[in-house]
Amino acid sequence: MTEPQTVFYRQSDSDPAALAGSEIAVLGYGNLGRSVALNLRDSGLPVRVGNIDDAYRQRATDDGFAVLDLADAVDGADVVYLLLPDEVLPAVFGEQLAPRFGVGTAVCFASGYVLAYELVKPAADLDVLLLAPRMLGEEVRRAYVDGSGFLSYVSVEQDSTGRGRERMLGLASAIGSLQRGAIGLSAEQEATLDLFIEQSVGPYLGVAFQTAFRLGVEAGLPPEALVCELYMSGEMSRTISTMATAGFFESVRWHGLVAMYGGFLGTMGMDGEAMERHFREVLEQIRSGGFARKLQEEEAQGYPVLELIDAVTATDNPLTAAEQRVRAALGDPDGGPGGAPLTGGA
């Protein structure tokens with residue numbers, strides 16, 4: 001069976017005039033929404049922002065945007081870019097936005113989740129696009145400003161006007177993504193990929209870090225040195241960056257002999273079959289819709305799991321205390337601000 005060919009898009013694939021004369025509405029002014037709105041405006045497009053009455057709305061006003069309620073921002077817009085949280089979007093889409101879309105409006109989603117699980121059902125007279133940046137919100141702005149660009153996943157899920165592809169690529173270009181490139185993925189593929197990696201690889205890394213920290217402390221290693229070795233020094237993130245630039249296996253050769261030998265022995269000692277079984281179970285839950293149903297049940301109960309997450313991630317634990325001592329003594333690793341990130345926005 002021949003594998004489907006992956007489609008890549010670059011700047012040369014977009015038409016600079018694709019969005020000429022279009023009014024753009026960006027709904028949601030969290031980290032990603034702010035970066036997208038600023039990038040679109042700097043690309044010469046007229047942008048309005050839709051947001052609820054909160055601190056993000058004030059920030060959008062301070063940034064010089066016309067800010068409206070979510071539904072009002074949709075009125076008259078040719079392109080609507082939805083940057084609202086997945087858990088919020090279904091209710092907002094059906095109750096507030098759907099009645100206000102004009103015929104032929106391009107409705108662009110930043111995540112494939114609600115489309116993949118049919119939590120929203122756009123009307124047949126809309127262009128339905130996916131433009132999912134694979135970069136943290138603030139980095140989307142930085143990559144636009146310095147011209148490096150960032151990867152995105154893109155697709156045309158519904159093309160009512162015959163201009164869906166050119167509008168999708170025009171939008172990807174205007175936010176700065178095509179300076180780096182985009183990969184064609186359907187909404188279902190994007191949602192599956194995103195959920196699979198964050199529910200498989202992510203938890204393994206989290207458990208590995210916590211276990212190594214706990215055992216290292218038990219062995220008499222300084223907790224401050226442990227958090228530095230694990231992630232605060234930047235060596236680990238640099239190692240992952242090297243995988244991206246040199247290649248996954250080639251990056252192994254960038255380490256010394258002792259590191260290569262020890263890492264190889266450690267890899268051979270892991271129970272790879274158990275990991276594979278677990279990953280397959282995770283993937284099956286995602287593809288069958290089991291995870292989405294579980295999340296909807298959680299929402300109906302008021303998200304009781306959030307209390308458990310808050311308890312697990314509370315700041316009064318040895319790992320966080322060690323981080324704080326390192327920051328107090330040496331400052332933040334990247335020179336950036338500490339504290340909670342500015343996220344969300346609706």
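The values are calculated or read from the model by the stated rules, or taken from the named source; none is laboratory data. Only a predicted model underlies this, so the values are computations on that prediction, with no experimental measurement involved. When we count neighbours, we look across all protein chains shown, and the Cβ atoms used for this are built from the backbone with ideal geometry, even at glycine.
Working only within region 157-173, note down all residues that are farther than 24 Å from R141 by Cα and of a type in the set (D, E).
E157, D159
Conditions (1) closer than 20 Å to A143 by Cβ; (2) of a type outside the set (F, W, Y); (3) at pLDDT 95 or above, marked per residue:
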{"position": "D13", "(1), (2), (3)": "yes, yes, yes"}
{"position": "L27", "(1), (2), (3)": "no, yes, yes"}
{"position": "N31", "(1), (2), (3)": "yes, yes, no"}
{"position": "L45", "(1), (2), (3)": "yes, yes, yes"}
{"position": "D62", "(1), (2), (3)": "no, yes, yes"}
{"position": "V80", "(1), (2), (3)": "no, yes, yes"}
{"position": "E87", "(1), (2), (3)": "no, yes, no"}
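Name the residue that is nearest to the chain's Cα centre (by Cα), counting only residues in region 132-161 that are of a type in the set (A, V, I, L, M, F, W, C) and surrounded by 22 or more Cβ atoms within 10 Å (Cβ to Cβ). Full working, then the answer.
So the first thing to find is which residues in region 132-161 are of a type in the set (A, V, I, L, M, F, W, C), and the list is 132, 135-136, 140, 143, 145, 150-151, 154, 156.
Okay, now just the ones that are also surrounded by 22 or more Cβ atoms within 10 Å (Cβ to Cβ), so 132, 140, 143, 150, 154.
On the way: A132: 7, V140: 10, A143: 15, F150: 12, V154: 13 Å.
Per the stated criteria, the residue is A132.
Please state which of the following conditions E299 fails to meet, knowing it meets all the rest: (1) part of a helix (DSSP H, G or I); (2) over 26 Å from E188 (Cβ atoms).
(2)
Could you tell me which of the residues V140, V120, V128, V114 is in a strand (DSSP E or B) and not charged (D, E, K, R)?
Values: V140 fails: in a strand (DSSP E or B); V120 fails: in a strand (DSSP E or B); V114 fails: in a strand (DSSP E or B).
After applying the criteria, what remains is V128.
Mind checking which residues of region 260-289 are surrounded by 12 or more Cβ atoms within 10 Å (Cβ to Cβ) and among the small types (G, A, S)?
Result: G262, G263, G289.
Looking at this structure, is R253 without any contact (Cβ under 8 Å) to a residue 24 or more places away in the chain, outside any loop (DSSP other than H, G, I, E, B), under 30 Å from A321 (Cβ atoms) and among the charged types (D, E, K, R)?
On the way: without any contact (Cβ under 8 Å) to a residue 24 or more places away in the chain: yes; outside any loop (DSSP other than H, G, I, E, B): yes; under 30 Å from A321 (Cβ atoms): no; among the charged types (D, E, K, R): yes.
Against the criterion (without any contact (Cβ under 8 Å) to a residue 24 or more places away in the chain, outside any loop (DSSP other than H, G, I, E, B), under 30 Å from A321 (Cβ atoms) and among the charged types (D, E, K, R)), R253 does not qualify.
Mind listing whichever residues of region 249-302 are at pLDDT below 90 and either of a type in the set (F, W, Y) or in the same structural domain as V114 (by TED's automatic domain parsing) (or both)?
Those that are at pLDDT below 90 and either of a type in the set (F, W, Y) or in the same structural domain as V114 (by TED's automatic domain parsing) (or both): F249, W254, Y261, F264.
Every residue, every condition in (1) in contact with a strand residue (DSSP E or B) (Cβ under 7 Å, 6 or more places away or on another chain); (2) under 21 Å from V79 (Cβ atoms); (3) of a type in the set (A, V, I, L, M), yes or no:
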residue: A174; (1), (2), (3): no, yes, yes
residue: R180; (1), (2), (3): yes, no, no
residue: A187; (1), (2), (3): yes, yes, yes
residue: T192; (1), (2), (3): no, no, no
residue: F196; (1), (2), (3): no, no, no
residue: Q199; (1), (2), (3): no, no, no
residue: Y204; (1), (2), (3): no, no, no
